[in-house]
Each structure stands twice: as C-alpha cells, then as structure tokens.
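Report on the structure given below.
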There are 2 protein chains.
Amino acid sequence: MSLNDALQAHKASLCEALAVDDRERLGALLPELRSADIAEILEAILEEDADPPLALALLGRLPLERQASVLGHLPGDAQRVLAEAFSDERLLPILEEMGSDERADLFNLLDEDRRQALLRRMARREREELIRLASYAEGTAGAIMTADYVAIPSGMTVSQAMMRVRQTAPDAETVYQLYIVDGLGRLAGTLSLRQLMVAPPGERIDALMIKDVIRMSVDAPQEEVARRVARYDLLALPVVDDEARLVGIVTHDDALDVVESEATEDIHKGMSIGALEDGVSRVPLWSLYRKRVTWLVLLVFANLFSGAGIAYFEETIAAQVALVFFLPLLIGSGGNAGAQAATLMVRGMATGDVGVRDWGKLLGRELLVAGSLGLTMALAVAPIGVMRGGEAVALVVAMSMVTIVLFGSLLGMCLPFLLDRLGWDPATASAPLVTTLIDASGVLIYFGIASALLAGP
Amino acid sequence: MSLNDALQAHKASLCEALAVDDRERLGALLPELRSADIAEILEAILEEDADPPLALALLGRLPLERQASVLGHLPGDAQRVLAEAFSDERLLPILEEMGSDERADLFNLLDEDRRQALLRRMARREREELIRLASYAEGTAGAIMTADYVAIPSGMTVSQAMMRVRQTAPDAETVYQLYIVDGLGRLAGTLSLRQLMVAPPGERIDALMIKDVIRMSVDAPQEEVARRVARYDLLALPVVDDEARLVGIVTHDDALDVVESEATEDIHKGMSIGALEDGVSRVPLWSLYRKRVTWLVLLVFANLFSGAGIAYFEETIAAQVALVFFLPLLIGSGGNAGAQAATLMVRGMATGDVGVRDWGKLLGRELLVAGSLGLTMALAVAPIGVMRGGEAVALVVAMSMVTIVLFGSLLGMCLPFLLDRLGWDPATASAPLVTTLIDASGVLIYFGIASALLAGP
C-alpha cells in the first residue's frame, strides 16, 4: 500500500536521518509520529526492500514500549519478517511489552523451532498464558481477546479496588471496566471505573457491582462478539470459559477491527471471492488466484445450463435471429435485479436486521417491489422492441422482462434463506451465483414465451 | 425485524403484565432487560400495532433515564411515532436526559411547529446547544458528535481536574478521556483519566497533557472519523471548528456504528442500490423501489450495446447458430471476473488499503491473476467446445474466454480508479455496471474472433 503525502515526507526524512545516523534529528522526528504511522512507514520501507536492515534500524531507535506497539500495528507478513530478523535476546523484551493478544498473534506467525526457543526463555506463568492465548482457533472470541484486564477479587472494598486499579493500570488494556471474580475465578460482576470513583470508599464492591454481566463464550465467533459490543455500546466484553471463569476481554478497538474485516470478507463473498488473509494489495498472487478461481470455474459449468436452454430453442432462434438482440439485455436485467435482492437479504442477515422468521413478510415486499421494477423496465424496453421487431416482438420482450425480473428477484431473495436453512452461509448467494442461475432461467423464460407467441417464421 | 426467542418470550411476559397492570411483575421484568433489548421489544410492538398506546405504557413504566436511553436505541421511524404521541410536558424531561447527539437526532425528526414549541420551553443554553448540534449536515463529524465531554480549563492542577471529572461524571458520555481547552475554547491538549489518576495531585495538567491531539474537523465525513478512531484505537475523537475550538467528541461506540452502516451502504452500492435510510425490512417500499430502479433502467439502455453488437454480427450468428450456445457462458464469465476485480479495488479503496498511486502495481498484479484465471476457464470450457462444434469452435471459445476474462478483469480493476480520478465515488463501479459493460465488450470480442476464424458457412 502507498503512503499519503504527509507520511511519504516523514518517511523520506526518517530514511535520510537514518542513513547518516543523525540522532538529534531522529530524536525530534520520532516522538511526533504515532505508532500506527510509524508502522505504515516501516511497511513501506519493507516493501521496497525485502531485506530489513533499514526497518530494523528504524525500529531500534524507538523505546522498547513503542517498538512493541509499532510491531503490533504491522500486518502479519511484516511482523514475521522483522521477528525472524531479531535474535531471541532482542525479540523477548519486545514480546514482553506487547499486549497479550498481539503477543499471541505474533507467536503464531513464527515457526515451531523459534516458538520453542522463545518459550524456554520465558517465566512459567508468562509461558502458560502465551500458550493458552495462542491456542484459540482463529475467528473466535479467544483469538481476539486480551488477558490484560483488571480483575478484582470479590469481597474487596471500594478503596481496596481503587488501589488494585492503580497497581494494574500500566499493564492493563483498559482500566475503565473492572471485572469482579469469585474464589474460583468465575465472573461474578462488573463495575465501571466511573461508578467506582463516585462510590463511598468503605463500601463493598459486591454491593455495587452489576451481577448480570453481558459476556461471551471463548469459542463464540468473532462477529458475534463484535455485534454484542456494538449492540450494548460496550467498552470491553468479558470472555468466559465453559465453567464461567473469566479468561479475557475483547476491547472496543478490537471489536471495531472485527466489524471492518468481517465487512470486507462479506463484500468479497458477495462476489464469490474467498476470505483473503491480507489486504488485496499485499496478498500473494497465488492466493488471490485461488480465492477467485473456484467459483469462476464452477460457474462456467453452471452457465452451460443457459447454453442448453439456447440449444433447446435453436429452431426458434434460427427462425428469428433478431431475438438474440434482446438476450443479453433480458438476462442481464434479471441478473442485476436478482443480485440486488440477494445482497439486501445477505447484508440484512449479517447485521441482524433480517431474521429467518421475516421470510414471509419480506417475500411479500419483494413481490411488490420487483413487480414494479419489472414493469418499469418493460416499459423502458418495449419501444426498442417495436423498433427492432414490431409489436409482436415488443410484446414478447416486455412480457419476458417482467417475468425474468420478478422471477430473478424472488430467486435472489429466497436463496440466502434457503442456504441458511440448509446450514450453509447465506453469503454463498453471491452476485455471480445468482446472476448465473438467472441467466439460465432467463433463457428458458424468454425463448419459451417467444416460441409460444411467435408462431413459426 | 423479528425478535429472537429470548426477547420474544420477554415481550409476551411484558405485554401480559401490562394488560393487567401487574406492577409487581413489571418491576421484576424490566430491570433485567437492557435498553437495547427493550428498544427491540418496543419496536416489535409498534410494528404489530401502529397505534402506540401499548408501547407508550411500556415506556412509561421505566425511570426517566431509561426512557431516554431506550428512545435513543430505537430507529428513527419509531422515535418519531413515540415523540409525536407524547405531549411536550412528557417529552421535554426525556429529551433532557438524552445524550446531546441523540437529542439532536430526535429533534431533527420532528416537524417545524413541534420543534419551535419544544425550543420555547428550554433554557437558553440548552436551546442553543440543541440548535447547534441539530444543524450539522448528515454524514459529517458534527452530526454524530456529542457535546457531553469533559473539558478541563488549561492551567488547572491534577487535583482540580480530578474534582472536575467527578462533577461532570454523571452527564458526560465518557470521563475516560479529558480535553484541555484554553481561554478561547480552543483544544490545547488531551489526557486520559488513567494518566490523571497516577499523576501527582499538585502537578499542572498543562505539563502532563499530550499537546499534539488527533482531531477532526466538524464538517469531515463520518467515514473519515470512523477510520481515524479505528486507526489510532481511540476511545473518543475530539471535533473542532474552523477556529480550532473544541465543539464535541465522537465516541468509540458511535464510530463502530458508522463503520457498520458505511459497510452496509458500500455493499448496497456494489449492487447499484442507493443508500437506504433504514434496514431493508423496515424501509418503505416506495423508497426501496426508487433506490433500485435508477440503475436498473440505466443499465437496460447500456445493455442495448450488447444487442447492437449482436445485430452487427447477425450474419455470423445465422450461419453458426451453435455459437449462441456459448454466449451467456462467455459474457457471464467475463462479468464475474470483472465484478470480482472491481469489488476488490473498491473495498480496498474504502478501507484505505489501496491508494490511487498503487494503480500501476495493482494493474501488473491483475494482469497476471486474470491471465491465469482466463486460461484456467478456457481449459475448462474447451472440451465442451469440441463436443458441441468441433475443434474450430473450441478454439474460438477458448480464445474468447481468455480475452474476455482478461479484458473484463482489467476493466473492472481500472474503472474504480478512473471514477475516482473524475471526482466520482469509486463505488459507482458496481457489479451490475461492470457486468453490463463487459457483456457488450464480450459480444464484440466473441463474435469478432468467430467471424475472423470461422470462414463462412
């Protein structure tokens, strides 16, 4: 990806200063930049020069804490390259400074030997936490949660809890939502720092806390986590294991990243593109090919049905070659309307706006809207039918348009529900799939109506 | 939209209890439910019964603060219905309890007379703030920001600031990020509550605060606000006017809502559907028709180019009707590959992963990927060509496939950049538009190759 102008200028200055080892200038430049910006500059440097000495030098000029933060902002590829270039002695202190979730993500990028080497150098407690966090399947609450939360033992007073907050503050991802756990580590309640600050110091937190905590199971899909954070406007969402023990929290910023990446995945799925492991400008070409080719080839074969339909009506076509003029127009229009209907349903289901039970109501609505769309489009195309083939052809084309648009829209609308019912992802009802299905049906509808109405040559 | 099972059960219990005015049961049921859940139940009640007495009765059982919070969670339509059913005396205290951003949104839903009536009853300060917040154009930072932030005058000590935080706490949207303003109301710095809590009480905040604050202009588009919150993992983003005066903040939960609704808008645009003002299950049918029809009809006319292409090659077709068999397949495949390429670019540009400068690099990548895709699809379709029309037809079909897929993909890839260059929204390069353009070019490519290679009947 390319930098914007401001970052491009910063990058040039940084590279210059690094080249002549101008410490003073680096000392002035670096504190001005945020970690996310430095990460973007580093990424650009790495892209130009796969050999990372310049990137390493730049990273080395930052305090340890910022090195950790910058590393956490980099995409996986860049993280791996840098981590592999570091010695264990150099990498370990950075890992220690990273948030527990980012540390686990980076750890999972390394090869087995390196992981073992790093684990051997860690204290037991650290090692166990890292192994635990790194073990959760990608796309689950466990994989995006952090273990750096503020836990308060049940039974403490407000002033004791406040003390605990101050002690934990430097390491915790957020100190603004506190989680109260019982003797077995189970989540017993929650309290915001705001509530704690205005409470009488001697009061027991058990009396103040909210007991009915919104929580998520550690193996819940990440999109459900994000949806819950959004729905209840949460700062963080606690994550619990099978025995209701608190094992981590997902913070608002991670939930936002999930919403964004899930949206990208959904948009790609809508065009039959598999989930990419990175941005389109960075993902390896081979991967991009694989994620696109499967459905494209499947749809080549599905498209044979359109061909078969045409073969079946070959006589009608040979007698009235002028009909072919309207073929792309009719099947294209049906495909467009159908893809719209499918997309509206798939996105509605993804955001929770549409439920499976709404099917009946939505079918009625689509019937009305698609009927009106079909009529409008038939009116638009009828004059052209008259011009090119006379009134009989115009009638065939107009009738076909209404039928194809109506049929296509209903098919597009129903397909996501059907797929969901069969246990598939409704997003499989992508524009290419819907369009292809409507192409085949459109051929049959159009030439069927034509051969019925236009008697012989 | 339909409720999930748990909420359905809650709704049934609530309606029962309301019907017999069972205060005890209501008193037990209501505190268990969160505002977002009560809002969803209310919405379902309103949908079944446009007359709102039951919904009003339910709302009336809640403490004022929760009434405000539930109202804020409702979609615009429902808010208007309820607000119109309330008298001014009943509505005013609820408005007062609402967050300033939600209050302004609700205010904008009312008709002019009602707005004037409400304003007359407000204190001057309140009135001015409401008029100001309600005046920002939809989709800007101003329209989603809240005025309920904690502002600390420059020059205070840590302990004075802490006192200010405690005083403001009940009314502020967040107390966890503090904004320091100078005598002219200009944003001078920021400080997290976490930093404040561990600072020496006598220290001046001016010495502690971060001066280089990430901020946003009040008329910046909301998607830029959301992107900045995401990029820098912010809890809240301060919003300033032309003179650098602090006028509001956008909190993380509102940024998350923006990301979600912008993604929905982008997904819809990708199918040439205009931005809907509400969820697909709620938006009026007329609006749904309007948002879909424009492009569908435009594309009907664009599709005439395909027809014109076919008319031009009518002789070739009449001589070899078997060629029509492959027409939907070839133009469909090109359309699918092209729509994929366009979608990858449009989404990449929306998330900031792809910049206009990346064009050259991405063109090279697409050339390789699309070339491979075209070859794979040509291999898949060649045997069928042999079966249906012999080797000559197979050659024509395979060559057309490679050319159409390659051309379609490059067109799909370049169109978003071209539109952006022309000052249009790159998302206008929707799947239907790209598919239609490729249909027309595909017809020309296919029959062009056919008439060149297949000499006469």
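The values are calculated or read from the model by the stated rules, or taken from the named source; none is laboratory data. Just so you know, these numbers come straight off a predicted model, no measurement behind them. Because the Cβ atoms are built from the backbone with ideal geometry, glycine has one as well, and the counts that use them run over all protein chains shown. SASA here: full protein model, heavy atoms, side chains in, ligands and nucleic acids out. Shrake-Rupley method; radii C 1.70, N 1.55, O 1.52, S 1.80 Å.
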Additional length obtainable on full extension of the chain from A:Arg132 to A:Glu315, 0.36 nm per residue less Cα span: 59.1 nm
What is region B:349-401's relative contact order, in percent, from Cα pairs under 8 angstrom and six or more apart in sequence? 27
Eligible lysines near A:Lys361 by straight Cα distance, threshold 25 Å, same-chain separation 8 or greater: B:Lys11, B:Lys269, B:Lys291
Going toward the positive end of the dipole of chain B, with +1 on Lys and Arg Cβ and -1 on Asp and Glu Cβ, which of B:Ala431, B:Phe107, B:Leu95 do you reach last? B:Ala431
Please list the radius of gyration and Dmax for chain A, considering alpha-carbon atoms only, with Å as the unit. 29.8, 97
Give me log10 I(q)/I(0) at q = 0.12, 0.17, 0.24, 0.25 Å⁻¹ for region A:6-65, Debye formula, one equal scatterer per alpha-carbon, no solvent. -0.23, -0.49, -1.04, -1.14
Going residue by residue through region B:409-421, the Karplus relation 6.51 cos²θ - 1.76 cosθ + 1.60 with θ = phi - 60° gives ³J(HN,Hα) values, rounded to whole Hz and with x marking Gly or Pro, of 5, 5, 4, x, 5, 7, 3, x, 5, 4, 4, 4, 4
Over region B:295-413, calculate the relative contact order: mean separation of alpha carbon pairs under 8 Å at least 6 apart, over the residue count, as a percent. 37
Run through the other copies and list how far each one's label point is from that of A:Gly76, in nm with one decimal, shortest first; the point sits 7 Å from Cα along Cα-Cβ. 4.0
Rounded, prolate or oblate: which fits region A:5-135, taking a ≥ b ≥ c as square roots of the Cα gyration tensor eigenvalues, rounded meaning a/c under 1.5, else prolate when a/b beats b/c? prolate
I need the inter-copy label distances for A:Pro53: point set 7 Å along Cα to C-beta, values in nm with one decimal, smallest first. 8.5
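Using only helices, what value at 222 nm comes out for the protein assembly as shown when you add -39,500 (n - 2.57) per DSSP H run of length 4 or more and divide by the total residues, to the nearest 500 deg cm²/dmol? It would help to have the intermediate numbers written out before the result.
Working: 44 runs with 600 residues, N = 914.
Result for the protein assembly as shown, helices only: -21000 deg cm²/dmol.
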For B:Leu237, net neighbour charge (Lys/Arg +1, Asp/Glu -1) across residues whose Cβ lies under 9 Å away: +2
Find, to one decimal place in angstroms, the Kirkwood hydrodynamic radius of region B:275-408, where the mean of 1/r is taken over every pair of different Cα atoms and then inverted. 17.8
So what is the relative contact order for chain A, in percent, with contacts set as C-alpha pairs under 8 Å and at least six apart? 11
Quick shape check on region A:20-97: root eigenvalues a ≥ b ≥ c of the Cα gyration tensor, a/c under 1.5 is rounded, otherwise prolate if a/b tops b/c, else oblate, and it reads rounded
Extent of region A:397-457 along each principal axis, from alpha carbon coordinates, in Å, largest to smallest? 49, 17, 15
Return the chain B residue and its Cβ-to-axis distance, rounded to the nearest Å, for the rotation relating B to A. B:Ala263, 2
How far is helix A:252-269 tilted off the main Cα axis of chain A, in degrees rounded to 10, range 0 to 90? 20
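Could you please report the charge total around B:Ser217, scoring K, R as +1 and D, E as -1 over all other residues with beta-carbon less than 10 angstrom from its beta-carbon?
Working: positive: B:Arg215; negative: B:Asp219, B:Glu224, B:Asp241, B:Asp242.
Spelling it out: positives minus negatives among the neighbours equals -3.
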How big is the dipole moment of the protein assembly as shown about its Cα centre under a simple scheme where the beta carbon of each Lys and Arg is +1, that of each Asp and Glu is -1, and everything else is neutral? Debye, nearest 20, please. 480
Solvent-accessible area of A:Val81 with every protein chain in place, 1.4 Å probe, in Å² to the nearest 10: 60
Helix A:64-73 vs. chain A, principal-axis angle (Cα, 0 to 90°, nearest 10): 10
Rg(Cα)/(2.2 N^0.38 Å) for region A:150-261, N = residue count: 1.06
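From largest accessible area down, sort B:His73, B:His252; use a 1.4 Å probe on the protein chains.
Numbers: B:His73 70, B:His252 25 Å².
Correct descending sequence by accessible area is B:His73, B:His252.
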Average accessible area per residue (Å²) across the protein assembly as shown - probe 1.4 Å, nucleic acids and ligands excluded: 41
Which order do peptides A:211-222, A:91-102 fall in by mean Cβ count within 10 Å, highest first? A:91-102, A:211-222
Heavy atoms of B:Thr351 accessible to a 1.4 Å probe, total area in Å² rounded to 10: 40
By how many degrees, 0 to 90 and rounded to 10, does the Cα axis of helix A:285-302 deviate from the longest principal axis of chain A? 30
If you place +1 on the Cβ of every Lys and Arg and -1 on the Cβ of every Asp and Glu, how big does the dipole about the Cα centre of region B:303-453 come out, in debye to the nearest 20? 280
Counting only protein chains, not ligands or nucleic acids, how are A:Glu314, B:Glu32 ordered by accessible area (probe 1.4 Å), most first? B:Glu32, A:Glu314
Paired Rg and Dmax values of region A:214-281, which use every Cα atom, in angstrom: 13.7, 43
For A:Arg114, A:Arg164, the accessible-area ranking with a 1.4 Å probe, largest leading, is A:Arg164, A:Arg114
Between B:Gln8 and A:Val283, with labels modelled 7 Å along Cα→Cβ, what's the label distance in nm to one decimal, could you check? 3.7
If one takes the accessible area of chain B alone plus chain A alone and subtracts that of the pair, with a 1.4 Å probe, what total in Å², rounded to the nearest 100, results? 10800
Amide H to amide H, which residues 5 or more places from B:Gly189 or on other chains are under 5 Å from it, using H placed in the peptide plane? B:Ile180
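Ratio of Rg to Rh for region B:87-235, alpha carbon only, Kirkwood?
1.02
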Put +1 on the Cβ of each Lys and Arg and -1 on the Cβ of each Asp and Glu in chain A; which of A:Pro52, A:Ala244, A:Gln167 then has its Cα farthest toward the positive end of the dipole? A:Ala244
Tell me the accessible surface of B:Arg228 in square angstrom (1.4 angstrom probe, heavy atoms of protein chains only), to the nearest ten. 90
Sorted shortest first, the nm distances from the A:Arg23 label point (7 Å along Cα→Cβ) to its counterparts in the other copies are 7.7
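What fraction of the Cα pairs in the protein assembly as shown, stated in percent, has a spacing above 43 angstrom? List each step's numbers first, then the result.
On the way: 169323 of 417241 pairs.
Counting every Cα pair in the protein assembly as shown, those more than 43 Å apart make up 41 percent.
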